[in-house]
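Q: Got a structure for you, written out below as structure tokens; questions coming shortly.
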Amino acid sequence: MIDGSYCTCRDKSCPFHPVNTGRGCTPCIQKNLRLGEIPNCFFVKVVDDLDKVESFTMEGFAREVIKKENAHE
């Protein structure tokens, strides 16, 4: 059984979070692929406040990465 302690996702109330499934990231990734989204653990690497993310889509992630890169220039 996988405990999910490695997961950087802060939403432990999510039914797909590894701490709630014992199946690692698989349920989360399956859900996100079905919705055309990217898991928010990816966003944690580029965004300080997930509440400010407008879209968890691939395009939304790309926008956040570009914002972060531009902020470092």
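The values are calculated or read from the model by the stated rules, or taken from the named source; none is laboratory data. All values reported here derive from a predicted model rather than from experimental measurement. A quick note on method: Cβ atoms are made from the backbone with ideal geometry, for glycine too, and the neighbour counts reach across all protein chains shown. For the accessible areas, the whole protein counts, side chains as well, though only heavy atoms, and no ligand, DNA or RNA atoms are used. Shrake-Rupley method; radii C 1.70, N 1.55, O 1.52, S 1.80 Å.
Q: Are there any pairs, at least 6 apart or on different chains, whose C-beta atoms fall under 8 Å, with the first in segment 27-38 and farther than 12 Å from HIS17 by Cβ and of a type in the set (Gly, Ala, Ser) and the second at pLDDT 95 or above and not in a helix (DSSP H, G or I), and if so, which?
A: Once the first residue is farther than 12 Å from HIS17 by Cβ and of a type in the set (Gly, Ala, Ser) and sits in segment 27-38, its partners that are at pLDDT 95 or above and not in a helix (DSSP H, G or I) give GLY36/THR57.
Q: Also, quick follow-up: What is the number of the single condition among (1) under 30 Å from HIS72 (Cα atoms); (2) more than 10 Å from the chain's Cα centre (by Cα) that ARG23 does not meet?
A: Tallying (1) under 30 Å from HIS72 (Cα atoms); (2) more than 10 Å from the chain's Cα centre (by Cα), ARG23 fails exactly one: (1).
Q: Sticking with this one: Considering only the chain, give the helices (runs of 4 or more DSSP H) lying wholly within it that have at least 1 residues that are open to solvent by less than 60 Å² (accessible area, probe 1.4 Å) and β-branched (Val, Ile, Thr).
A: 18-21, 58-71
Q: Cβ-Cβ distance below 6 Å, separation of 6 or more or different chains: which pairs start in segment 6-24 with a residue that is among the aliphatic types (A, V, I, L, M) and end on one that is open to solvent by less than 60 Å² (accessible area, probe 1.4 Å) and part of a loop (DSSP other than H, G, I, E, B)?
A: VAL19/GLY4
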